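J.: Next up is a structure, given as structure tokens.
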Amino acid sequence: MPERNVLGEDLQPCGTDPVTGFYRDGSCRCGPEDAGLHAVCAVMTSEFLEHQRSVGNDLITPRPLWHFPGLRPGERWCVVATRWAQAYQEGVVAPVVLASTSERALEVVPLEWLDQHSVDVPADPGALD
């Protein structure tokens with residue numbers, strides 16, 4: 001059975017440039033090996049990246065041993081749910097792609113918080129007019 005997103009639908013890919021996810025398959029799916037719960041598909045901002053570095057989670061510096069390229073603003077990445085929640089509580093939150101955020105994120109982060117920072121495009125983009 002496919003993993004679901006926070007909207008109750010099939011989990012959509014988060015990002016492939018760079019390839020994200022605990023399993024480095026572009027998805028924020030969380031299996032039993034993912035103790036950190038890399039469930040939130042977040043769009044990186046300079047502020048979020050600097051905040052994460054300041055709390056000991058350096059997402060900027062490449063780590064080739066872990067197949068981690070280092071991130072830049074605008075890139076999507078599956079972040080650990082507790083780290084995203086921490087940033088939210090400290091006022092330095094990254095935008096979220098709900099369709100690509102695993103329902104497992106709801107074990108840590110309220111849907112209301114994620115929804116407040118959603119950057120999803122609606123099914124009918126004409127509704128934006």
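None of the figures in this text is laboratory data; all of them are computed from the coordinates on show. Worth saying up front: this structure is predicted, and the values here are computed from it rather than measured. No Cβ is skipped: glycine too gets one built from the backbone with ideal geometry, and neighbour counts run over all protein chains shown.
J.: Within the stretch 99-118, track down each residue that is under 19 Å from residue 22 (Cβ atoms) and assigned to a helix (DSSP H, G or I). I'd like the intermediate steps shown before the answer.
T.: As a first pass, look at the stretch 99-118 and keep what is under 19 Å from residue 22 (Cβ atoms): 99-109, 114.
Matches in the stretch 99-118: 99, 100, 103, 104, 105, 106, 107, 114.
J.: Take the residues in the stretch 1-52 that are of a type in the set (S, T, N, Q) and closer than 21 Å to residue 72 by Cβ, then tell me which one is surrounded by the fewest Cβ atoms within 10 Å (Cβ to Cβ).
T.: The extreme case among them is 46.
J.: Return a yes/no flag: does the stretch 44-55 have any residue that is in contact with a Ser or Thr (Cβ under 8 Å, 6 or more places away or on another chain) and not basic (Lys, Arg).
T.: Scanning the stretch 44-55 turns up no residue that is in contact with a Ser or Thr (Cβ under 8 Å, 6 or more places away or on another chain) and not basic (Lys, Arg).
J.: Separate question: Taking interchain pairs and intrachain pairs at least six residues apart, which have beta carbon atoms under 9 angstrom, with the first residue in the stretch 88-101 and within 18 Å of residue 26 (Cβ to Cβ) and the second among the basic types (Lys, Arg)?
T.: Filtered contacts from the stretch 88-101: 97/76; 100/76.
J.: Working only within the stretch 87-97, note down all residues that are more than 9 Å from the chain's Cα centre (by Cα) and surrounded by 17 or more Cβ atoms within 10 Å (Cβ to Cβ).
T.: 87, 88, 92, 93, listed by residue number.
J.: Which of the residues belonging to the stretch 5-56 are among the charged types (D, E, K, R), without any contact (Cβ under 8 Å) to a residue 40 or more places away in the chain and assigned to a loop (DSSP other than H, G, I, E, B)?
T.: Residues satisfying the conditions are 25, 33, 34.
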